[in-house]
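A.B. asks: Submitted below is the structure of interest, expressed as structure tokens.
Laboratory data are not the source of any read-out in this text; all were calculated from the coordinates shown. Note that the structure is predicted; figures quoted are calculated from it, not measured. Positions of Cβ are backbone-derived with ideal geometry, glycine not excepted, and every protein chain shown enters the neighbour counts.
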Amino acid sequence: MALGHRTSAVVATLLAALDSGGPGDEKFQEDLRGGPDFALPDEDADIVFGGPVSVITGRQDGIVGYFDQFRSMRHYPRGTFTVIDTAGHYLPFEQPALLRSLTQDWLRRTRS
């Protein structure tokens, strides 16, 4: 459900990363699940951030999706929003070269 680009190499890399993290914080997870639709406290705030922002999300992210992040872009007038097809919740493991390229391009643009 969380992976959009399911190859044996991606699955092995992801499992190794998850295994190295240790046990999760069950209390935190329970508190998070108890919220209305898992909303973060600032999602409905009218705060605008005028600095550069880059939001990169996976189109097949079955955990948080991508559309809610697009809605929040109204708060970031200098924001860049990118949706990657064939990527899910674990985009850094699924499309590392593309993520690196997008991030480097964004950093170059923020410096000019």
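A.B. asks: At 7 Å along Cα-to-Cβ for each site, give me the label-to-label distance between residue 107 and residue 47 in nm.
C.D. replies: Calculated label separation equals 2.6 nm.
A.B. asks: In addition: With Cβ to Cβ distances under 15 Å as the rule, what net charge do the other residues near residue 81 carry (K, R +1; D, E -1)?
C.D. replies: On the way: positive: 59, 71, 74, 78, 109; negative: 61, 68, 85, 105.
So the surrounding residues net to +1.
A.B. asks: What is the stretch 43-112 by shape, rounded, prolate or oblate, if you read a ≥ b ≥ c off the alpha carbon gyration tensor as root eigenvalues and call it rounded for a/c under 1.5, prolate for a/b larger than b/c, and oblate otherwise?
C.D. replies: Since a/c reaches 1.5 but b/c is at least a/b, the shape of the stretch 43-112 is classed as oblate.
A.B. asks: Measure off 7 Å from each Cα along the Cα-to-Cβ vector at residue 9 and residue 75, then give the distance between these two points in nanometres to one decimal.
C.D. replies: Each label point lies 7 Å from its Cα, and together they span 3.7 nm.
A.B. asks: Using a 10 Å cut-off on Cβ atoms, rank the peptides 89-100, 70-81 from the highest mean neighbour count down. Walk me through the intermediate numbers first.
C.D. replies: Working: 89-100: 17.6, 70-81: 13.7.
Ranked from most to least packed, the peptides come out as 89-100, 70-81.
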